[in-house]
Amino acid sequence: MSTRVLIDRDEPELERFVLMAAFNPDAPIPAGARAMTHVRRWLDGWSALETGVCWEENDRLVGAAWARRVEPVLVKSPLGQPIPEVLIAVDPERRGQGIGRTLMEELVAFAEEACEPGLCLTVGEQNAVAVRFYERVGFVAIGDTRTPLITMVLELED
């Protein structure tokens with residue numbers, strides 16, 4: 001078991017992690033989910049040139065985290081730069097074992113190396129476990145979206 005940078009050959013497996021992250025973890029994935037806009041924006045045009053890491057065990061990915069500039073832009077920096085949005089997911093049977101934290105720490109380090117102004121994400125307000133996880137990593141909730149999603153930002157040092 002180890003972490004590594006996502007590479008081109010990982011692309012087919014990423015859909016599984018997008019579906020885990022995009023929908024309520026306590027509910028089944030809806031029919032037609034793979035074609036939904038908020039799923040496709042994480043997969044269409046993906047390349048290993050993006051910032052991403054995975055956790056691999058026995059030649060199988062059990063977790064992945066990556067950041068990309070997706071449309072529509074969720075958050076901009078004070079200078080107007082789009083802040084990359086994060087997607088992270090870990091296989092349900094491997095959650096709670098530190099894999100997500102390790103992936104997020106490595107993703108943040110990559111973003112800092114790339115001089116990104118920060119990272120952002122959305123999380124369902126009902127997903128208290130994920131909200132607490134993001135807060136422990138340093139993400140802060142911003143604004144009132146008037147939706148069941150919370151927008152969170154992690155500002156990075158200049």
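Could you tell me which residue of region 98-151 is nearest to Ala21 (Cα to Cα), considering only residues that are outside any helix (DSSP H, G or I) and acidic (Asp, Glu)?
The initial filter retains those residues of region 98-151 that are outside any helix (DSSP H, G or I), namely 98, 114-127, 138-151.
Pick out the ones that are also acidic (Asp, Glu) and you get 116, 125, 144.
Details: Glu116: 23, Glu125: 13, Asp144: 21 Å.
Restricting to residues being outside any helix (DSSP H, G or I) and acidic (Asp, Glu), the top hit is Glu125.
With the checklist (1) among the charged types (D, E, K, R); (2) more than 18 Å from Tyr134 (Cα to Cα); (3) in contact (Cβ under 8 Å) with a residue 24 or more places away in the chain in hand, flag the one item Lys76 doesn't pass.
(3)
Looking only at region 46-71, which residues are in contact with a Lys or Arg (Cβ under 9 Å, 6 or more places away or on another chain) and outside any strand (DSSP E or B)?
Of everything in region 46-71, those that are in contact with a Lys or Arg (Cβ under 9 Å, 6 or more places away or on another chain) and outside any strand (DSSP E or B) turn out to be Trp46, Ala48, Glu50, Val70, Glu71.
Six or more apart or on different chains, Cβ under 7 Å: which pairs go from a residue in region 33-44 that's of a type in the set (Phe, Trp, Tyr) and outside any loop (DSSP other than H, G, I, E, B) to one that's surrounded by 15 or more Cβ atoms within 10 Å (Cβ to Cβ) and modelled with pLDDT of 90 or more? Could you list them?
Trp42/Val18; Trp42/Leu87
Could you tell me how many of the residues in region 8-39 are more than 24 Å from Ile150 (Cβ to Cβ) and loosely packed, with under 11 Cβ neighbours inside 10 Å?
6
Given Ser2, Ser77, which one is polar (S, T, N, Q) and surrounded by 14 or more Cβ atoms within 10 Å (Cβ to Cβ)?
Selected residue: Ser77, the only one of Ser2, Ser77 that is polar (S, T, N, Q) and surrounded by 14 or more Cβ atoms within 10 Å (Cβ to Cβ).
Among Trp46, Trp42, which is in contact with a helix residue (DSSP H, G or I) (Cβ under 6 Å, 6 or more places away or on another chain), modelled with pLDDT under 90 and either among the basic types (Lys, Arg) or closer than 21 Å to Leu149 by Cβ (or both)? Lay out the reasoning, then the answer.
On the way: Trp46 fails: either among the basic types (Lys, Arg) or closer than 21 Å to Leu149 by Cβ (or both).
It is Trp42.
Give me the pairs, please: first residue somewhere in region 109-127 and among the charged types (D, E, K, R), second residue anywhere and in a strand (DSSP E or B), beta-carbon distance under 6 Å, and either six or more positions apart or on two chains.
Glu125/Ile150
Looking at region 67-78, can you tell me whether even one residue there is more than 21 Å from Leu149 (Cα to Cα) and out of contact with any Phe, Trp or Tyr (no Cβ under 9 Å at 6 or more places or on another chain)?
Checking region 67-78: at least one residue is more than 21 Å from Leu149 (Cα to Cα) and out of contact with any Phe, Trp or Tyr (no Cβ under 9 Å at 6 or more places or on another chain).
Identify the residue in region 118-133 that is under 15 Å from Gly96 (Cβ atoms) and not aliphatic (A, V, I, L, M) and, among all such residues, is modelled with the lowest pLDDT.
Top of the filtered list is Asn127.
Out of curiosity, is Gly124 on the phi > 0 side of the Ramachandran plot, of a type outside the set (Val, Ile, Thr) and surrounded by fewer than 20 Cβ atoms within 10 Å (Cβ to Cβ)? Show your work before the answer.
On the way: on the phi > 0 side of the Ramachandran plot: no; of a type outside the set (Val, Ile, Thr): yes; surrounded by fewer than 20 Cβ atoms within 10 Å (Cβ to Cβ): yes.
The answer is no for Gly124.
Go through Glu85, Glu56, Glu106 for me and flag whichever is acidic (Asp, Glu), closer than 25 Å to Val131 by Cβ, surrounded by 14 or more Cβ atoms within 10 Å (Cβ to Cβ) and in contact (Cβ under 8 Å) with a residue 40 or more places away in the chain.
Unique residue meeting the criteria: Glu106.
The values are calculated or read from the model by the stated rules, or taken from the named source; none is laboratory data. Worth saying up front: this structure is predicted, and the values here are computed from it rather than measured. All Cβ positions, even for glycine, are placed from backbone atoms using ideal geometry, and neighbour counts span all protein chains on display.
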